Amino acid sequence: MDRQPHPFSLFRSSQPLIPVTLFFILGIIAASYNRLTDKLSFAFLIVSLLFLTFGIIRKWRHSFALAYIAFFLIGVILSSQQVSPYFPQNHIKMLVEHYNNGKRDEHGIGIEGVLANAPERFSDKTRLYIDAKKIFINPPLIPPFLKGDTGGFIPATGKILITVGSPSVRVKYGDRLRFISKPHIPQNFGNPGEYDYAGNLARQDIYVIGYIENERWIAVIGGEEKHGLRTSIEEIRDKIRDFIDGSDAENPAIIKALILGEKGEISKAVREAFAGTGTAHILAISGLHIGIIAFFSYWIILHALKQSERLMLAFDIKKIASAGSIVPVLLYGAVAGFSVSTQRAVIMVMVFILSVIIDRKQNLYNTLAAAAFVILVISPLSVYDISFQLSFASVLAIIYLVPRFQGLWANEDKQANDIAKLLPPHPAWHPLKNYFLNPFAVSLAASIGTAPFTAYHFHRVSIIGIIANLIAVPLMGFIAVPLGLISVLVSFFNQSAANLILVIVDMVLKASIWIVNLFSNIPYSSVFTTTPTILEAVLFYILIVSVVEFKKIKILKYALPVVMLIIIGNYSFWYYHLNYSPNLKVTFISVGQGDSALIEFPYGKRMLIDGGGFYNADFDVGERIIAPFLWKNKIDRIDYIVLSHPQRDHMMGLKFIAERFRVKEFRWNGDVSANKDYEEFMKSIDKNNIKKFISDSDTPPLNINGAIVEFLSPPKESRLDTNNNSLVVKLKYKDVSFLFTGDIEDIGEAILLKAGDKIKSAVLKVPHHGSRTSSQMDFLKAANPEFAVISVGHSNPFGFPHPEILKRYEGLKIPVLRTDINGAITVETDGARLKASAYKN
């Protein structure tokens, strides 16, 4: 068994790339906060290099520290180019910004460009990554710097991501396309804990997105004159894709995910089952898949070389086999399309192969650092990508923990530990170690190493994942992937034989899916968790090291109890913060074109009024927006759910909350909506044993820890339309009150006026997203808020809030905050004073 360097020796001269990479990463992170400019960093870099040169000449003892500073500054400089990129005036981002600030064309604008990647297909849509070439805008909207004879179009540069509402768009890499769309700049919703959608696109150099209803709005006007390697690779990928789709396989989507790296067509049920068992990484091409191909290639080449005694005596056949595995790795990467994540995986495996060739395989920590350094030099902001974090965290944990786990059963060692001495010297012991215990150690180590990152990004930890991976990884990784690659290779020569092999692959996948579903149906196979803080993640890793090294390093004998005390203190802080605050807090969550507000009552009770929702059923607002916000704030329980009225933009996000947040009580206006979404939501309410109450203006007020909740509308037995029948909620805490108005319009507002002073509130949730049919003058004067909040989506198709309504609020000197501009808006009060804050702007 190879001896690994001790983790506390990583900064010694034998591991030079460890500190270099760490300081480089710190520089990248520092640049993200815009604390250092390029010019200032470059000046500091020149000074540090001069001092470093002088220090080396004079043989200063600590001159290495200057090298670390230099790499820190290099990280700042390289990442600053991506954090704050320069855009030429004809970049499509600049053109679209000018277009959107002008008088928008209701029919969109014409764009011409070249398809830069193969279409990314899903079950209900297709994504097209396009290099913009021309943009067609009406003369009044042409930017001043491009005035003059433009020939009917404006030359453009930059990438644009177009989503087409159809899964069968007949285009291919290199096609020159012309289409009509309404492009816009991608934006995040603006909530704490949200997924950085805009940042992820920016790391792919995409700053403009658009939508097209179907392929009829796209014209293929020719193909680019491309005959290079990339074109040849894409032609091969097209043939492989056609072969898989035309085969008799029942799981073509998963086969394409494993071979081509295209996982968009995998069904939501399958993705959920794999996510719930901690095996979702198998569906995406990663370091695991590339490593498996490298291992198989190495094993085959090595055994082939062993057939020649002359070669074994003349050469180091292990190095030859390692070098030979590079070609299959590159071929697999090419077949997989060399996506960003695939490129990283190939680089990582290639660096490890190189370490074997140059006799550095013992320095695994240094090799891992070298792989990270190479990847980050190429793409510095990769440090923020989930795949990068999970890959390196898992490999680091495997390098560190697996040898220590193996020490528990290494009974052949003369210095075997006490546990190992108790193990019986049975003939079946060695196979048990090789085929169960060692893989179990790898799975356990990877799960431990990635746990904080998994909890942070996915808010989910699989309890059964260690065992599920022991079965799914060998089946899908060591059998399905190699056989699938052999099948597509054979398909170029013999379709029948290739189909036969693919049938075997399909059988393996069916068995794998069945096993994964079996594990996912086990109660508590995975648990959702609140978002760990950086402190909690650091404490977790320190705790693991302290437990593992407890007997070897004296200082850890003191560190272990200290860490435990800090963990207990951290838990106590959050428990007190969530359950013993005397203040009332209301957060208007930014859910796009919809409503959702979280009320945190004094001393721990919580209510969610509405849950937002899109007309695209594939995007679950509850799972993707509201729940991450709650988890970020350490909230795992909602006591009350209130639905103002059963429309999608208020209701769709509540189903996930009802299923995952231990809700006790549900209140709504009793309106029965005859649609599938409403029925499914009500089934979730019943399934989770949530008490249901129909509420109206006759419902007695609720007293929740000193805060009074009244229902002012609708009237009992109301015959109003859906919007005007909204359940209107008045929240009062001591001298401060809030009014949540749902989507009431002029009729609903007129009814509310009969309540007199009851509608007077310090904070008003603007009715119906600022619609022209709401916010009547008499109503606003009666409510007389200190300020108002509009829950509205950015660039929504309804034009909300209406300019006339904004002028009305301005005329009454009522300040307005908007979720599309300000993101999540939080208002906290002690019952006497208000304190409002916005997540952005």
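Descriptive notes on the structure:
- Among the residues making up the range 753-766, those that are small (Gly, Ala, Ser) and either open to solvent by 10 Å² or more (accessible area, probe 1.4 Å) or on the phi > 0 side of the Ramachandran plot (or both) are Ala755, Gly756, Ala762.
One line per residue, one yes/no per condition, for (1) farther than 25 Å from Pro715 by Cβ; (2) among the small types (Gly, Ala, Ser); (3) touching a residue at least 40 places away in the same chain (Cβ under 8 Å):
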| residue | (1), (2), (3) |
| --- | --- |
| Ile747 | no, no, no |
| Ala750 | no, yes, no |
| Lys760 | no, no, no |
| Asp820 | yes, no, yes |
| Ser837 | yes, yes, no |
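- Within the range 736-752, the set of residues being open to solvent by 30 Å² or more (accessible area, probe 1.4 Å) and either at positive phi or out of contact with any strand residue (DSSP E or B) (no Cβ under 9 Å at 6 or more places or on another chain) (or both) comprises Glu745, Asp746, Ile747, Ala750.
- Count - residues of the range 175-192 that are open to solvent by 10 Å² or more (accessible area, probe 1.4 Å) and not acidic (Asp, Glu): 11
- Residues of the range 676-706 that turn out to be part of a strand (DSSP E or B) and under 37 Å from the mean Cα position of the chain (by Cα), as a count: 4
- Qualifying residue in the range 96-111 (condition: of a type in the set (D, E, K, R), modelled with pLDDT of 90 or more and closer than 29 Å to Tyr173 by Cα): no
- Residue check: Leu731 meets all listed conditions (1) assigned to a strand (DSSP E or B); (2) in contact with a Lys or Arg (Cβ under 7 Å, 6 or more places away or on another chain) but one, namely (2).
- Residues of the range 520-535 satisfying the condition of being surrounded by 16 or more Cβ atoms within 10 Å (Cβ to Cβ) and assigned to a helix (DSSP H, G or I): Ser520
Residue by residue, here is whether (1) under 23 Å from the mean Cα position of the chain (by Cα); (2) aliphatic (A, V, I, L, M); (3) at pLDDT 90 or above holds:
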| site | (1), (2), (3) |
| --- | --- |
| Ile515 | no, yes, yes |
| Ala537 | yes, yes, yes |
| Ile544 | no, yes, yes |
| Val563 | no, yes, yes |
| Asn579 | no, no, yes |
| Asp620 | yes, no, yes |
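- Qualifying residues in the range 48-101 (those that are in a loop (DSSP other than H, G, I, E, B) and more than 33 Å from the chain's Cα centre (by Cα)) - the one nearest to Ser379 (Cα to Cα): Ser63
- The set of residues in the range 627-675 being in a strand (DSSP E or B), without any contact (Cβ under 8 Å) to a residue 40 or more places away in the chain and in contact with a helix residue (DSSP H, G or I) (Cβ under 9 Å, 6 or more places away or on another chain) consists of Phe666 alone.
- Members of the range 479-519 found to be open to solvent by less than 40 Å² (accessible area, probe 1.4 Å) and outside any helix (DSSP H, G or I), listed by number: Ser491
- For the range 75-85, the count of residues that are open to solvent by less than 70 Å² (accessible area, probe 1.4 Å), within 30 Å of Ser166 (Cβ to Cβ) and touching a residue at least 60 places away in the same chain (Cβ under 8 Å) is zero.
- Taken over the range 122-141, residues that are open to solvent by less than 30 Å² (accessible area, probe 1.4 Å) and either part of a loop (DSSP other than H, G, I, E, B) or modelled with pLDDT of 85 or more (or both) amount to 6.
- Check on Phe189, among the aromatic types (Phe, Trp, Tyr) and under 30 Å from Gln81 (Cβ atoms): yes
The values are calculated or read from the model by the stated rules, or taken from the named source; none is laboratory data. The model shown is predicted, which means the values in this text are computed figures rather than measured ones. Virtual Cβ from ideal backbone geometry, glycine too; neighbours counted across all protein chains shown. With ligands, DNA and RNA removed, areas are computed over all heavy atoms of the protein, side chains included. Shrake-Rupley method; radii C 1.70, N 1.55, O 1.52, S 1.80 Å.
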